[in-house]
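I have placed the structure first, in the form of C-alpha cells, so that the comments after it can refer back to it.
Here, each number is a calculation from the coordinates, and none is a lab measurement. Just so you know, these numbers come straight off a predicted model, no measurement behind them. Cβ sites come from the backbone with ideal geometry, for glycine too, and all protein chains shown count toward neighbours.
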Amino acid sequence: MIGKNISCLFEGLGNTGIAVGVLKEGKVVLKETFGLANEEQGIPVKSESVFHIGSVSKQFTAMSIAMLEEKSLDVSRKIIDFFPDLGIHASEIRIFDLIHMTNGLPDLYKVSQYIMGLRESDYLTSLEAYNLLKNLQWLEFKPGERWGYGNSGYFLLGKLVEKVSGLTLNEFATKEIFSPLGMTNTFFREDNTKLIKNAVDGYCNYDYLHSESFSLPSGESVKLSKALDLMECTGAGQLWSTIDDLLIWENNFHKNVLGEDPEGLARKIISPVKTNNGNPCNYGYGLFLTKRKGETIVMHEGGSLGFNVAIYRIPARSLSVVVLANRNDFLYRMLVKLGIEIYEAISDWILGENSKCLDSKDEGTKPKVLSKEWLEEMGEGEKWFADKDSAQICRLFTEEGFLKLNMNGERVHELSLLEGLRFKDMDHEFEGEIVKENGDKKLILKNHCGIVKLRLFEKTLSQSDLQEYCGRYYCSDIDTGYELYTTESGLKFSNTNAHHDAMNFEYRPAIKDLFFTYAPPYLNCYFSVEFLRGSDKNIKAFVFRDYDNDGREYLKFTRIN
C-alpha cells in the first residue's frame with residue numbers, strides 16, 4: 001500500500017530510472033523501482049540495477065579511513081607526510097582537514113571543467129588528477145579556519161587508503177566493508193572499461209551537454225543525451241551500488257558491526273567537530289549533519305553526469321531513505337515539483353507527518369508596486385551592474401510590476417521598496433539602493449558581511465575596442481590555452497585543445513576589462529573573466545573570476561601573441 005501511494009510522487013518524470021528504498025527499525029518498509037535503466041533498449045530498473053552514487057561515495061571512503069584509524073592511522077598527522085610532493089602550500093593540512101573539509105584545497109573538478117574546459121563526459125585518470133592538484137599552488141582558506149565543500153580532499157583520502165593499507169581503495173573497502181556486510185554488487189570503479197553487470201545508464205537533458213552562450217534551454221525535458229561518465233578518480237566519487245546493497249549499508253548504519261569497536265566507530269562518523277576558532281563544522285565522515293523539525297539528520301546527496309542520488313537518515317527514528325535516479329537534474333526537478341526534497345517528502349510520508357514547503361512565505365507579505373521614482377529609473381528597461389573586486393554581477397529588472405534582482409545568475413530576489421531608490425530583500429538577506437557617485441550610477445548592496453558597490457554596465461564595445469583583447473593566451477600551470485576573437489556582441493573563447501571545448505562560449509563586456517558569459521543549464525550563473533593590463537596599459541593576461549572567491553584567479557593566462 002505504501003509503495004502504491006508513494007508512486008504518485010514520481011509521476012510526470014517520463015522514463016527516468018529510479019530506485020527508492022526505506023528502512024525503518026531494521027526492516028525494509030519500502031522498496032520500489034520505476035522507469036528505465038536503459039532508454040535505447042527499454043530495460044527497466046530493477047532492485048539489482050547498479051547506479052553510480054556520486055558524492056554519496058564519500059562516506060565509504062571516510063569509513064575506510066575510520067577503520068584505518070582503529071589500526072594505527074593518526075588523523076592529526078599532516079598530509080605532507082604522505083604526499084611530500086604536493087607542495088608547501090599544503091604543509092599545514094591534516095588528514096582531519098581532509099575528512100571534515102576544512103582543508104582549503106581548490107576543487108580539481110571545478111578547475112578541470114570550468115577553467116581547463118574538460119567536459120564532464122571526458123575524464124581524468126588518478127595520476128592526471130594528482131598531477132593537476134600539485135599544480136594548483138594555493139588554498140581557498142587557511143587549513144582548519146573554516147569549512148568549504150570540495151572533492152580534492154576526498155580524492156586524496158582515497159589515495160591515502162592505498163598508501164597506508166597497501167591496497168587500492170576498492171580492494172580495501174571490499175575486504176573491510178562490502179564483503180563483511182554482503183554488499184556483493186558494490187564497488188569503487190577504478191577502471192572505466194570495467195564490465196558492470198546490470199549497469200544503469202545515465203542521461204542528461206540535451207541542453208546540458210549542448211549549452212549555448214546567453215541562450216535559454218529549449219525546455220524540451222524529453223530530449224535526452226547519453227551521459228558518458230568516464231571518470232576514474234575514486235575517493236570523492238565513483239562508487240557504484242544497488243538499492244539492495246545500500247539498504248544493507250543503512251541497516252549497518254543504525255546498528256554497526258564493522259571495525260574493532262563498532263559502537264565507537266558509529267559515534268565517530270557522525271560526530272560534529274569545530275574549526276580552529278571554535279565555530280561548528282557539521283560535516284562528519286563524508287556525511288552532512290543537520291537538523292530538520294528539531295531532529296538530527298545525517299545525509300548526503302550525490303550528483304554526477306547522468307545520476308542523482310541521496311541517502312537521508314533520522315537516527316532517532318531508526319529511519320533511512322535511499323533514492324537513486326539516472327538523471328543529473330532529478331533532485332532539482334523534484335524540489336521544484338514538491339517544494340521540498342524528495343527524500344524529505346518520502347520520510348514525511350512514511351512517518352505520517354505533514355510536509356512543509358521549503359519556499360513557503362508569509363502570504364501577507366507582498367512586494368510593493370513600483371513607485372513613481374522607480375518607474376522613472378526603470379523606464380528604459382533592465383539594468384546590469386558589476387563589481388570587479390568581488391566578481392559579482394547583478395541584473396535589476398521589473399516583472400509584473402514588481403522589482404526583482406538576479407544575483408550572479410543563480411537566484412532571483414523579490415524586493416520590497418523603501419524610501420527613494422532604496423529596497424530590501426523580501427527574505428531579509430540584504431538591503432540596497434541606487435546612487436550616483438561622481439556622475440556614475442551604482443548599485444550598493446549591504447548585508448552582515450559588508451558593503452558591495454557595483455557599477456552600471458558600460459556601453460557596448462565596438463569591434464575596434466574588442467580587438468584589443470583578441471589573441472592567444474596560455475596558462476603553463478595547467479597546460480591550457482585559449483584563442484580569443486571578436487563576435488558581434490563580445491569575445492569568443494576557443495580552447496586551443498579542440499577536445500576541451502566545455503568553456504568555448506561568448507563572453508560579453510560588463511565593465512572595463514571584465515567580461516561575462518551565461519550558458520544554462522551547464523553554467524547556471526554569470527561566469528566572468530577579467531583582463532589584466534601591464535604598466536604600459538596594454539592587455540597582458542586574463543584570469544577567470546568567481547564571486548565565491550575560490551582562488552581561480554591564481555591561474556593566469558598570459559598573452560603570447
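In which sequence would Ser320, Ser528, Ser416 go, from the one with the fewest C-beta neighbours within 10 Å to the one with the most? Each step should come with its number before you reach the end.
Working: Ser320 26, Ser528 22, Ser416 19.
If I rank by nearby Cβ atoms, fewest first, I get Ser416, Ser528, Ser320.
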task: Can you list which of the trypsin sites (Lys or Arg not before Pro) found in the stretch 394-460 are DSSP loop residues with at most 12 other C-beta atoms within 10 Å?
output: Lys459
message: List the trypsin sites (Lys or Arg not before Pro) within the stretch 164-199 that DSSP assigns to loop and that have no more than 10 neighbouring Cβ atoms inside 10 Å.
response: Lys197
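Counting each DSSP H run of 4 or more residues in the chain as -39500 (n - 2.57), what helix-only mean residue ellipticity at 222 nm follows after dividing by all residues, to the nearest 500 deg cm²/dmol?
Values: 14 runs with 115 residues, N = 561.
Calculated mean residue ellipticity at 222 nm is -5500 deg cm²/dmol.
Rank the residues His448, His428, His500 as a footprinting-exposure proxy: fewest other Cβ atoms within 10 Å of their Cβ go first.
Values: His448 6, His428 9, His500 19.
Starting with the residue having the fewest Cβ neighbours, the order is His448, His428, His500.
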field: Label-to-label distance, nm, for residues given as Thr558 and His499 (7 Å Cα→Cβ offset)
entry: 2.6
message: Using Cβ counts within 10 Å as a stand-in for footprinting exposure, how do Leu370, Leu127 rank, fewest first?
response: Leu127, Leu370
- prompt: Where in the stretch 369-405 does the amide nitrogen come within less than 16 Å of the point 7 Å from the Cα of Glu437, taken along Cα to Cβ?
  reply: 385-394
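My understanding is that a pair violates if its Cα-Cα distance is over 26 Å; which of Lys223/Lys404; Lys58/Lys110; Lys24/Lys291 do that in this structure?
Values: Lys223/Lys404 31 Å; Lys58/Lys110 17 Å; Lys24/Lys291 19 Å.
From the list (Lys223/Lys404; Lys58/Lys110; Lys24/Lys291), the Cα-Cα distance tops 26 Å for Lys223/Lys404.
Write out the GluC sites (Glu not before Pro) in the stretch 1-50 meeting two conditions: DSSP loop, and at most 16 other Cβ atoms within 10 Å of their Cβ.
Numbers: sites: Glu11, Glu25, Glu32, Glu39, Glu40, Glu48; in loops: Glu11, Glu25, Glu39, Glu40, Glu48.
Here the GluC sites (Glu not before Pro) that fit, given the DSSP loop and packing criteria, are Glu11, Glu25, Glu40, Glu48.
Give me the dipole magnitude in Debye, nearest 20, for the stretch 372-456 about the Cα centre, with unit charges on the beta carbon: positive for Lys and Arg, negative for Asp and Glu.
Details: 14 positive and 19 negative charges, 64 e Å.
Using only the charged Cβ atoms, the result is roughly 300 debye.
Using just the alpha carbons, could you tell me how many Å³ per residue the convex hull of the stretch 463-559 encloses? Provide the component values of the computation, followed by the final result.
Values: hull volume 10.4 nm³, N = 97.
Taking only Cα atoms, the stretch 463-559 has a hull volume of 107 Å³ per residue.
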Debye, to nearest 20: dipole size of the chain, +1 on Lys, Arg Cβ, -1 on Asp, Glu Cβ: 640
- line: Both in Å, the radius of gyration and Dmax of the C-alpha trace of the stretch 82-149 are 12.4, 34
- prompt: Under the Karplus relation 6.51 cos²θ - 1.76 cosθ + 1.60, θ = phi - 60°, what is the ordered set of whole-Hz ³J(HN,Hα) values for the stretch 532-537, x standing for Gly and Pro?
  reply: 10, 10, x, 5, 8, 6
Rounded, prolate or oblate (a/c below 1.5 giving rounded, otherwise prolate when a/b exceeds b/c) for the stretch 372-456 by Cα gyration tensor: rounded
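Kyte-Doolittle cut-off 0.0, length cut-off 18 Å along the helix's own axis using Cα: show which whole DSSP H helices in the chain pass.
Helices passing the filter in the chain: 152-165.
Just subtract the alpha-carbon distance of Leu127 and Ser535 from 0.36 nm times their residue separation and send over the number in nm, one decimal.
Details: separation 408, 0.36 × 408 = 146.88 nm, distance 3.96 nm.
Between Leu127 and Ser535, full extension yields 142.9 nm more.
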field: Alpha carbon centroid spacing (whole Å) that separates the stretch 388-410 from the stretch 82-125
entry: 32
query: With the dipole of the stretch 108-194 worked out from charges on the C-beta (+1 for Lys and Arg, -1 for Asp and Glu) around the Cα centre, which of Pro143, Phe188, Leu160 lies farthest toward the positive end?
result: Pro143
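Can you compute the equivalent ellipsoid semi-axes for the chain, i.e. the square root of 5 times each eigenvalue of the Cα gyration tensor, sorted largest first and rounded to whole Å?
On the way: eigenvalues 328, 176, 114 Å².
After diagonalising the Cα gyration tensor, the semi-axes are 40, 30, 24 Å.
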query: How long is the stretch 286-354 along each principal axis, judged by its Cα atoms, biggest number first, in Å?
result: 33, 27, 15
- prompt: Stretch Glu483-Glu48 to full length: gain in nm at 0.36 nm per residue minus the Cα-Cα span?
  reply: 151.8 nm
message: Using the Cα centre of the stretch 463-559 as origin and beta-carbon charges of +1 (Lys, Arg) and -1 (Asp, Glu), tell me which of Phe493, Leu466, Gly481 is placed farthest towards the positive end of the dipole.
response: Leu466
